[in-house]
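For reference, the structure is listed below as structure tokens.
The values are calculated or read from the model by the stated rules, or taken from the named source; none is laboratory data. These numbers were taken from a predicted model, which means no experiment stands behind them. Backbone-built Cβ (ideal geometry, glycine too); neighbour counts: all protein chains shown. To get the accessible areas, we keep the full protein, side chains included, count just its heavy atoms, and leave off ligands, DNA and RNA. Shrake-Rupley method; radii C 1.70, N 1.55, O 1.52, S 1.80 Å.
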Amino acid sequence: MAVIDRLSDLLARLAGWAYFAIGLMLAYEVAARYFFNAPTIWAEELSRLVFVWATLIAAAGLLRFDQHIRVTVVTDRMGVSGQRLARIASHIFVALLCGFVVWHGMPIAANSFETGRTTGTMMDLPNWWAQAAVPLAFLLLGLQCLVELLRIFRGAPLPKHEDVAE
């Protein structure tokens, strides 16, 4: 459990720094294009690739810290046991979805790797670089779901959520 938690934490922090790097890349592109009339061939495409990876690898960390968006209109009216049951059901559903995505996503990335498929853009990056992010991130998210389910089954208290402005 601790290994998955630490990995999720590390990747969530890495995602935050990746978003910062995206901002720098795009700021550089804007300055190069509009102030020096010298656009880059790499900034937009590389920032898009980093964005895909950052967004996906942050998902497990968000689950770990219970930060995913949720609609609590029904669960707020439930008792503790109902909320626990709803959380178990949602984690099982997400874990199954993750398994489905990993199962079907790995062959897509592997096929792109084997065939040498590229983006066809100016940088002509290999397609598998972006495609591999999906099954790998969903694998980690699924593992984090299983860790959270273990916590629930071991009797860990459910997180308390503050109400947002109405």
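Between T40 and L96, the distance separating the two model label sites (each 7 Å from Cα on the Cα→Cβ line) works out to 4.4 nm.
Gain on full extension, evaluated as 0.36 nm per residue between L146 and A2 minus their Cα-Cα distance, stands at 50.6 nm. With the highest mean first, a sort of the peptides 130-137, 70-77, 25-32 on other beta-carbon atoms found within 10 angstrom per residue produces 130-137, 25-32, 70-77. Along the axis of the charge dipole computed for the chain (Cβ charges of +1 for Lys and Arg, -1 for Asp and Glu, origin at the Cα centre), the listed residues N37, G23, F51 are led at the positive end by F51.
A protection proxy built from the mean count of other Cβ atoms within 10 Å ranks the segments 14-24, 110-120, most packed first, as 14-24, 110-120.
The mean sequence separation of alpha-carbon pairs under 8 Å and at least six residues apart, normalised by the residue count of the chain, gives a relative contact order of 28 percent.
Under a Cβ-only charge scheme (Lys and Arg +1, Asp and Glu -1), can you give me the dipole magnitude of segment 46-130 about the Cα centre, in debye to the nearest 20? The partial results should precede the final answer.
On the way: 7 positive and 4 negative charges, 66 e Å.
The calculated dipole for segment 46-130 is roughly 320 debye.
Accessible area of the chain with a 1.4 Å probe: how many percent of it is carbon plus sulfur?
Details: 7770 of 11070 Å².
Carbon and sulfur: 70 percent of the exposed surface of the chain.
Relative to the longest principal axis of the Cα atoms of the chain, the long axis of helix 80-115 lies at roughly 30 degrees. With the gyration tensor restricted to C-alpha atoms of the chain, the semi-axes of the equivalent ellipsoid amount to 36, 21, 13 Å, longest first.
Between segment 1-49 and segment 128-144, the C-alpha centres lie 18 angstrom from each other.
Relative contact order for segment 80-166 using alpha-carbon pairs under 8 Å, separation at least 6, rounded to a whole percent? Numbers along the way, then the final one.
Values: 68 pairs, mean separation 31.5, N = 87.
After rounding, I find 36 percent.
Rolling a 1.4 Å probe across the protein heavy atoms gives segment 23-104 an accessible surface of 68 Å² per residue.
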